[in-house]
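First comes the structure, then the notes that go with it.
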Amino acid sequence: MLFRYISKRFAVGLLQLIGLTIAVFFLIRLLPADPVSRLVGMNASPEAYAQAAKQLGVDRPLLAQLATYLGFQPEIAPGLLQGSLGVSWVTGTPVTAEIAAYLPVTLELVTLSFILALAVAVPIGMFGALNPGGKADKGVFVYSLFAGSQPEFWWGLLFVYLFFFTLGIAPAPLGRLSPMSSPPDVVTGFMTIDSLIAGQFDLFVEALHHLMLPVFTMAFILSGPIIKMVRQNMARALQSDFVLYANCAGLPKRRVAGYALRAAMAPSMTLIGILYGFMLSGAVLTESVFSLGGIGQYAINAVLNYDYPAIQAVVLVITAISLVVYLALDLIHAAIDPRIAF
Amino acid sequence: MHREAAAVAERPETMAARTVLSVENLVVGYPVDGRMVKPVDGLSFKVHEREVVGLIGDAGSGKSTAALALLGLARPPGKILGGRVEFDGRDLLKLPEAEIRAIRGRDIGIIVQNPRSSLNPMLRIGKQIGYAYEAHNQASGTEVRRKVIEMLRMVGINDPESRAEAYAHELSGGMAQRALIAMALSSKPKLLIADEPTSGLDVTIQAQFLDEMWNTVQKTGSAILLITQELGTLANYCDRVLVLHEGRIVEDAPVRQFFANPQHPYSQQILKLQRERGHSLGLPPVEAGTRPLLATTDLRKTFAVRHTKKLIQAVDKVSLTIGRGETLGLVGESGSGKTTVGRCMLRLLEPSSGSVVFDGEDLVKLPPNDMRRYRSKLQIVFQDPFDSLNPRWSIRRILTEPLDLHTKLSTADKRRRAEELMDLVDLDRALLDRRPRGLGAGALQRINIARALACNPEFIVLDEPTSVLSPRARVGLIELLVRLQKELGISYLFISHDLTTVRYLCHKVSVMYLGQIVETGTVEQVFSKPRHPYSQALLSAHLFPDPTNRRVDSVIPAALEGEIPSPIDLPHGCYLASRCPHVVEACRATPQALEPLEGGQSVRCWRAVAGEIQAFGGAHA
């Protein structure tokens, strides 16, 4: 049953990806942009222009380009079917390799931020719901007004000023490691994991140290909506008949709170999934402030350079990750709440 | 003093009974628009050991709020504002949190009205019952497990091992109620608070269920506070009656004394019919020998089951006749097809086959336009008075809508008619400009009736019109319906599962089971001499409000076993065969026909026709 459900979701996801790939392929080509002249410059000779166009393959009919991109003409160039996302028009390196370099940065940042945000926000939201109108509840209200009303790059800058410049407890916002250290061998692309694999514990600490402020910034922003959501869902659960009855049956306070938390977390999963997908591309502001060079920055560069293969690849990859995250959270939701049937 | 003396006379063994619970001046408030509304305001009463105390009151009289407050709880944002709840000599409201938690569930168990939503939807019920037990008892994992299975078996759940693994949404309402009881009784509480424990259960299950509860208390020597809106439950199971009215106890009397000589005006109102009229209201007699106003012949209605070729047999060859000024009661468990019959008669649902002859005209054959002419003659009143009125319309607009559709009256005439209708159903004309919001169920149901009466109908289908009403409103509505019939000569089809009301209102009764009529006869015939085993079971399970013939004092006849079969795959022979105590092999093979008996009674059971089934004494007729 579960296996069938997962395979079905993957099949549907695959269809979505194919549809999206084709849609994006045509949509970017609808842009009033000329990637060739962007590449060869405005003053290039018609011959140079034509040669560049030929090199990029944009001189061919659109459907032929699509077929190549999808991988139906491996004799011209490897495509999606061959597991290739194409070659970047700007750098000339395979996009797959570039994504592999940029994506882990963002995944690491966003995932750690979510873990931190959940670890902080869930207990706070729960506490607020258990003691409505209490001091914690009021504090949370002020905080969520604050955190939600300022953009994250502003908070990032503020934290840099405070923790790096004034207090000096955070490293300079200049990347994932200090410029003097050499990174560990790339295995997964995640600095924290790679340093551990390499057995360089000092590098692991350093990587965490550099992630401290960006993660803190993102978690600070993310916690607001999560606290609100948990508090609201929890307050609703606390008013439910089954919590009232649990009290009637004299269950210990901890168990009753557990009942309510579980009931509150189930519907929260959906929102967390949406937030995660959103943050994959939305982390770009934080990445910029801390010079992290994640997928968000990569995407922006790709768009600015009309680097079509790169743009397509970013859309595809982020969508694929979002689909997987949604599926995982739906499975967690179903595990928490048995009323969800596949 | 007098009351206490009576109590002693009634149950000598309670003379020295210890007081289990003593409530004094309890007040519970809810903040509404900045002020405190107090649904419980100065509640005081006592419950003794081994006593079953009934608490009756109208909807909104504070019954459920009071029940929770006895445990020191209030549904948020409510608060207990004052008073004492003394249990075992300690005031629960002054105990520290941890101590009162220890008492809840261990010493005082509670069963609530909405069992399914009161079970945690995310945990298997066995686990929940285990948690409740663990909270109050030292036990290892396997001991808890054993206890859970034992409790589930005790409350009559078949195959408790696998049921323990079920989630609340996988259980029927009755099953969930049993699970809740298993939880409430797992620590053997000294006091059980049961808040309308049988609401939503079918008659046959309801009686079984209260029997079990009563037996458990007798066995374990605990006490019960039974909260109810049903006089029948009070009369059959309670030793003493408390009447809750506007947040406080207005009457406290032993059950027989309460029924024989109620003191408070509210008690007198709810007992009015029993006291003034006995079992029957002296209905206007029906002229014999005339052509019936409405007759159905072989009415059938089937519904297709989605994604299959199967059919649900909702109504199967139902033939009924209703004379002018006559009321026919249609009774049976939920799912028996009563409502579908009513709707097919008015062609709110198209019958699959058969005829509905009204005043010489077969309605089923009429083209839609001609049918419209008859709409004003045939009306319906639904079960839920809230849902059947547009909440955004004024009462006046609700009452004049049928006049707009069916008459060419002037605006002034319509206004006058609306006022007339309000007078007819005993409502204040001032309500005409209000909206349904804020009116009680009783008043709304009267408005529904007034709307049905607007165009002078000759026939009204009443689909469980009293089932959501409080005891007082129910009495009023029954009287109203009888009066309207006397004054206007209307015929009713009264669909109900409440046999007490049917006995007051109906001339004839038809008993339905799985889409078929299994017995028809006059009220006297069916109530005093039911012939069909199903009618017998239904009547013996019904709780008549008669404390001189209590169910707990008499030997209870065999109840039907098992559940109603699915209406999709019906058995070939008698539909009741799988549950019938009189079943023989021939029953399973032979389809049953409705055969006439002497005196106009007819029954769908060959053994009853052959005189092989004892007509049981009709315990309450």
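Bear in mind these aren't lab numbers, they're just calculated from the coordinates by the rules spelled out. All of these numbers come straight from a predicted model, not from anything done at the bench. Cβ coordinates were reconstructed from backbone atoms using ideal geometry, including for glycine residues, and neighbour counts include every protein chain displayed.
Which whole-angstrom value gives the distance between the alpha carbon centres of segment B:452-482 and segment B:343-357?
Measuring centre to centre over Cα atoms gives 22 Å.
What list of whole percents do you get for P(r) of the protein assembly as shown, with Cα-Cα distances grouped in 20 Å bins up to the one holding the largest distance?
All Cα pairs, binned at 20 Å, distribute as 11, 31, 29, 19, 9, 1 percent.
Of A:Ala129, A:Leu62, A:Ala172, whose Cα points farthest to the positive end of the dipole of segment A:55-189 (charges on the beta-carbon: +1 Lys, Arg; -1 Asp, Glu; origin at the Cα centre)?
Positive-end residue among those listed: A:Ala129.
Need the list of aspartates and glutamates near B:Lys79 for cross-linking: C-alpha distance under 13 angstrom, and skip anything on the same chain fewer than eight residues off.
B:Asp41
Say R0 is 30 Å: what FRET efficiency, to the nearest 0.05, do B:Leu93 and B:Glu165 get from their beta-carbon distance?
0.20
Find the all-direction average of the projected area of the Cα convex hull for segment B:468-621, expressing the result in square nanometres with one decimal place.
About 10.8 nm², averaged over all directions.
I need two numbers for segment B:480-549: Rg to one decimal and Dmax as a whole number, Cα atoms only, in Å.
When restricted to Cα atoms, segment B:480-549 yields Rg and Dmax of 13.1, 37 Å.
So how far, in whole Å, is the C-alpha centre of segment B:146-197 from the one of segment A:247-316?
A separation of 42 Å, based on Cα centres.
Regarding segment B:193-305, what whole-number volume in Å³ per residue does the convex hull of its Cα atoms give?
225
Can you find, among B:Ala304, B:Gly329, B:Leu68, the residue sitting farthest towards the positive end of the charge dipole of chain B, where Lys and Arg contribute +1 and Asp and Glu -1 at Cβ?
B:Ala304
For segment B:225-270, what is one quarter of the convex hull surface built on the Cα atoms, given in nm²?
For the Cα atoms of segment B:225-270, the hull's average projected area reads 3.0 nm².
For the protein assembly as shown, give the share of DSSP beta bridges that are antiparallel, in percent and rounded to the nearest 5; count only bridges with both residues there.
Close to 60 percent.
Given a cut-off of 22 Å, name the pairs among B:Lys486/B:Lys529; A:Lys135/A:Lys228; B:Lys317/B:Lys338; B:Lys377/B:Lys408; B:Lys190/B:Lys219; B:Lys317/B:Lys377 whose C-alpha atoms lie farther apart than that in the structure shown.
B:Lys486/B:Lys529; B:Lys317/B:Lys377
Hey, quick one: spin label on B:Thr220, modelled 7 Å out along Cα-Cβ, who in segment B:96-117 has an amide N within reach, i.e. under 20 Å?
Residues B:100-116 fall inside that zone.
Grab the DSSP H runs of chain B that are 4 residues or longer, score each as -39,500 (n - 2.57), total them, divide by all residues and round the 222 nm result to the nearest 500 deg cm²/dmol.
Calculated from helices alone, the mean residue ellipticity at 222 nm is -10000 deg cm²/dmol.
How big is the dipole moment of the protein assembly as shown about its Cα centre under a simple scheme where the beta carbon of each Lys and Arg is +1, that of each Asp and Glu is -1, and everything else is neutral? Debye, nearest 20, please.
Using Cβ point charges on Lys, Arg, Asp and Glu, the protein assembly as shown gives about 1320 debye.
Quick one: if the Förster radius is 56 Å, what FRET efficiency do B:Glu212 and A:Leu81 give, using the C-beta to C-beta distance and rounding to 0.05?
In this case the efficiency is close to 0.25.
Express the C-alpha Rg of segment B:290-390 as a ratio against the empirical globular expectation 2.2 N^0.38 Å, rounded to two decimals.
Expressed relative to 2.2 N^0.38 Å, the Cα Rg reads 1.14.
Return B:Leu330, A:Leu222 ranked ascending by Cβ neighbour count within 10 Å, so the fewest neighbours appear first.
Lowest count first: A:Leu222, B:Leu330.
With only alpha-carbon atoms in the gyration tensor, what are the semi-axes of the equivalent ellipsoid for segment A:225-342, in Å, largest first?
Its equivalent ellipsoid spans semi-axes of 41, 16, 8 Å.
Where the eigenvalues come from the Cα gyration tensor of segment A:1-119, what are the semi-axes √(5λ) of the equivalent ellipsoid, largest first, in whole Å?
Semi-axes, largest first: 34, 21, 13 Å.
If eta is 0.890 mPa s and T is 25 °C, what Stokes-Einstein diffusion coefficient results for segment A:101-206, Kirkwood Rh from Cα pairs, in µm²/s?
The calculation lands on 148 µm²/s.
Can you give the helix-only mean residue ellipticity at 222 nm for chain A, where every DSSP H stretch with n ≥ 4 adds -39500 (n - 2.57) and the sum goes over all residues, rounded to the nearest 500 deg cm²/dmol?
It comes out at -24000 deg cm²/dmol, rounded to the nearest 500.
Test of understanding: ordering B:Glu49, A:Glu75, B:Glu97, B:Glu150 by Cβ neighbours within 10 Å, fewest first, what list do you get?
A:Glu75, B:Glu97, B:Glu150, B:Glu49
Principal axes first, then extents: for the Cα atoms of chain A, list largest minus smallest coordinate on each axis, whole Å, largest first.
So the extents along the principal axes, rounded to whole Å, are 84, 55, 42.
Decide, for segment A:21-66, between rounded, prolate and oblate: order the square roots of the alpha carbon gyration tensor eigenvalues as a ≥ b ≥ c, take rounded if a/c falls under 1.5, and otherwise choose prolate if a/b is larger than b/c, else oblate.
Since a/c reaches 1.5 but b/c is at least a/b, the shape of segment A:21-66 is classed as oblate.
Quick one: compute the contact order of chain B, relative version, from alpha carbon pairs under 8 angstrom and 6+ residues apart, as a percent.
13
Given the convex hull over the Cα atoms of segment B:335-378, what projected area results after averaging over all orientations, in nm²?
Result: a mean projected hull area of 3.2 nm².
Kindly work out what percent of the DSSP beta bridges joining two residues of chain B are antiparallel, to the nearest 5.
Given both bridge residues lie in chain B, the antiparallel proportion sits at roughly 60 percent.
Scan chain A and note any complete DSSP helix (H) whose C-alpha atoms cover at least 27 Å along its axis and whose Kyte-Doolittle average is 1.6 or more.
A:95-130, A:308-336
Placing +1 on the Cβ of each Lys and Arg and -1 on the Cβ of each Asp and Glu in segment A:221-297, which of A:Leu238, A:Ala263, A:Ile226 has its Cα farthest towards the positive end of the resulting dipole?
After comparing all options, I get A:Leu238.
Work out the length of the dipole vector of chain B about its Cα centre, built from +1 on the beta-carbon of each Lys and Arg and -1 on the beta-carbon of each Asp and Glu, and round it to the nearest 20 debye.
The dipole of chain B has a size of about 1200 debye.
Between rounded, prolate and oblate, where does segment B:415-460 land on the alpha carbon gyration tensor, with a ≥ b ≥ c its root eigenvalues, rounded for a/c under 1.5, else prolate if a/b exceeds b/c?
Oblate.
Can you classify segment B:95-212 as rounded, prolate or oblate using the Cα gyration tensor, where a ≥ b ≥ c are the square roots of its eigenvalues, rounded means a/c under 1.5, and otherwise it's prolate if a/b beats b/c and oblate if not?
oblate
In the calculated pair distance distribution of chain B, what percentage of Cα-Cα distances lie above 47 Å?
When every Cα pair of chain B is considered, 19 percent fall beyond 47 Å.
Over all alpha-carbon pairs of segment B:66-107, lay out the pair-distance distribution in 10 Å bins, whole %, shortest bin first.
28, 62, 10
For segment A:57-145, what log10 I(q)/I(0) values come out of the Debye formula at q = 0.21, 0.22, 0.23, 0.24 1/Å, with one point per alpha carbon and no solvent?
Normalising to I(0) and taking log10 leaves -1.00, -1.04, -1.07, -1.10.
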